[in-house]
Amino acid sequence: MATTEPETTVETTTTTEIEETETEELILESENKGKSYSTLLVCCHNTMNSLSPFLPAPVTAFSVTGVNPFLPNPAIAALSPHVLTPSLDISVSQEAPPPPPYYFGNTSIGTNAGWEYGYCEACKYLCGKTGNITNITQHFKQGSGAGRYARVAVYAVDGNGYPSTLLGESANEEILTDGWHTFSNLSIPVVNGTYYCLAFQQSDIHLYPSSFPTNAGWRYRTFSYAAFPNPFNSTGGGTANFSIYAQVV
């Protein structure tokens with residue numbers, strides 16, 4: 001009896017050929033100040049999208065940038081509209097420091113002191129800057145205290161070198177402590193290369209301003225303590241240089 005072998009069915013499976021993703025790489029070199037930066041552009045054509053509706057839409061282009069982010073790169077921008085080339089403009093400015101303050105007069109503390117009550121006095125000094133006197137500072141050796149006041153002023157100088165026209169004066173201020181006292185809130189125009197007289201007076205016989213026994217065009221007149229006279233009308237003078245100076249801005 002013949003034996004019949006069972007029929008073998010060979011199942012053929014059809015494999016869908018999947019086209020591999022083609023990748024094209026383009027490396028651009030950009031040099032800036034000796035440093036190189038690369039830009040990688042990857043263009044993909046993905047045909048797997050045709051296999052399933054569940055796959056995302058095909059990617060047509062994307063980019064990976066490694067360029068210097070602080071410099072524009074026109075070459076990269078021309079290759080693809082998807083590549084951004086940000087630029088950043090940085091400007092640094094530094095203002096010049098303000099000039100040092102300018103003073104004219106006598107900024108040293110005098111070795112002498114004496115009562116000047118009952119007089120209006122002034123010393124002549126050369127101004128080396130055009131601007132405005134904003135404050136005048138005077139040194140008092142001793143005698144400060146409650147109820148003791150002082151004033152300062154600026155006078156033009158006449159042809160004889162004496163104080164003449166009043167240009168401006170301070171308020172009446174109480175001198176509570178010995179040492180330097182600044183009379184502020186002034187605005188008196190002055191011109192470079194011009195002599196001016198810095199004047200002063202005190203309300204109390206015990207308030208002693210400091211001075212040196214040197215010549216500074218010292219002039220005086222008898223005067224009861226009050227607003228400064230205009231003109232000065234000096235009646236005498238001598239050798240003295242008081243510790244008084246003005247700031248010009």
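None of the figures in this text is laboratory data; all of them are computed from the coordinates on show. Computed from a prediction, not measured in an experiment: that's the story for all the values here. With ideal geometry, Cβ positions are generated from the backbone for all residues, glycine too; neighbour counts draw on all protein chains shown.
Quick notes on this one:
- Each Lys or Arg adds one and each Asp or Glu subtracts one; over the other residues with Cβ under 14 Å from the Cβ of TYR195, this totals +2.
- Computed from the alpha carbon atoms alone, the convex hull of the range 112-175 holds 127 Å³ per residue.
- Of every Cα-Cα pair in the range 103-249, the percent that sits beyond 21 Å: 34 percent
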